[in-house]
Structures are given as C-alpha cells and as structure tokens.
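Read the structure below first, then the notes.
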Amino acid sequence: MTTAELPVIAAVDGSWRSYEALEWAARDAVRRGLPLTIVHVRPLNRRTSQEEQRREAEELLAESVGRVAQVAPTLHTSTLAPMDFPAAALTALSEHASLLVLGSRGLGGFRSLLIGSNSLTTASMARCPVVVVRTGRADEEGTEAAETFSDIVAGVAADESSEAVLDFAFEAATTRPGARLRIVHGWTMFSSMLSGGPVFDRDAAAGAAERTLAELTAGRPEKYPQVEVVQEPVHGSASHTLVTASATAALTVIGRRKGGEELGFGLSSVAQTTLTHALGPVAVVPC
C-alpha cells in the first residue's frame, strides 16, 4: 500500500473535541479520496475490566461511525480499539496512516490547558503529519463552530525543513477549490544575522526574506497552477505571526524536525507555541 492509499486516522475518546476532530477528518478523507479509520485507545486501567472497556469502546466507536455517516455517507470507514497508552498507540498507528487527526484536548487533564498532553506528545512523535483540530468553541454547550475559512497557511523557515511543509500545504490547497495558500515567513534582524544575511540594514533584510520565499517556492506554482499563492515575509515573531494567521485559516501547516523525538525535541519553540495557541486546526509535518 502506497502513502497515497493509507487511511486518514481519527482518534476519539467521547469528548466533544474528539468528535469535532472526527468530523474534520471525515471531510478531509473525502477530499483526499482516502478511507477513514476511527481509533479509540482503551487506557491501561486495572479498575475497569477488559470486558467492560471493550463494551464501552464498541459503543463509542459505533456512535462515531454514525456521526461520520451523517457528515460523509459514502466514506469507507473502519474501527480499531487498541489497549495502550494513547500517545504510544497513536504513534505506532501513524506508521500506517497518511494523516492522523486529533482533538486539542480529551476528557482528562485540566480544563485550563490549551492543548492536552496526549495531543502534544503524539504531534511531537508521529511518523505521519498530525492535525490537531481546534475550532474556537468555548465549551460543550457553547456557541456554534467558528466561521469556516478556506485559506491554507504554511509557516516556513529559511532551510530545507520547509520542503515537506510546502509539499503538504500545496497538496492540501489542491483539495479545497478556491483556497489560497499563504506562505508565511517571519524574520527579524537577529534571524537575518544568524542566516548570514544583512545585519544592520532592515530594508536589505526584508529583501533577503522576500528572495528566500521566492527560492523556497520555486517551481511549485507551475506544478500546482490551480493554487493561488500569496507570499508573506513578515517582520516579527514567527509564532505570533502564525497564531494570528490561524484565526482566518482553514488549516495552518508547520513543520517539526525528525530525530529528536526520543529526547523530547520533536517540536521547536515556534512549532509548540503555534500548536498551543492557534485559533484553528494545525497540521504538524515531520521534516
């Protein structure tokens, strides 16, 4: 099975955030022409019998399949209910997925947290891109979901790590007719100095940032002529720029470097800040 045929995986735990992520995943699977696998990880819990956990999982997954049928009635779905620590199970399953979709927080943990530990850990360690869905709703009985936007926002750095981010972002934009792809590059005089660019001339540094974006995207507009591309070199904090942009984006795409997962270094400070504070869905792409 090729990467293009691997399913979209949606993780559910019965929380309204996970059901929002499930519906997002179902719509995205339809756009990509891929099947959907719905996963509920049964926690390692000695206080509840395996038989009871199995029954609860079957009920939750049956409800999830019913929700998907309302959103995408023709979508092929399957279900899994492994028993493990959630982040560990989802990371293992990510090796056989094209995309893994999670809610920003589950049923457990502190309500004050902006993102749950399982979502953050999985996004830091998964082998495939992970989308953490946040719609801006205040609570379970709260307001309607935020207005739907169509633009894709991609945050890029001035190095080769942006290749995978741009590939994912362009592909995502092609599945959303009429979507613009906003490619955002935050720069400062300090970052210009670190990259060997101008140190004291702000206009020269701004010009260098524009050239960097042009070089990063070279050839892609011809490969994806249906995608309207907007290049946005922005002076200032990259994470602040991306969080602001996420408020009017259907999806914000950021990268994380491979290789530091075992040490907890999968997410850079920019990626973690963006993922924690974004105002809409965020895709974390291994680079």
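Read-outs throughout are calculated quantities, based only on the coordinates presented, and are distinct from any laboratory measurement. Worth saying up front: this structure is predicted, and the values here are computed from it rather than measured.
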Amide H partners (placed H, <5 Å) of Asp84, local residues excluded: Arg42, Leu44
5 angstrom amide H check on Ala154, placed H, neighbours 5+ away: Arg182, Ile183, Val184, Val253
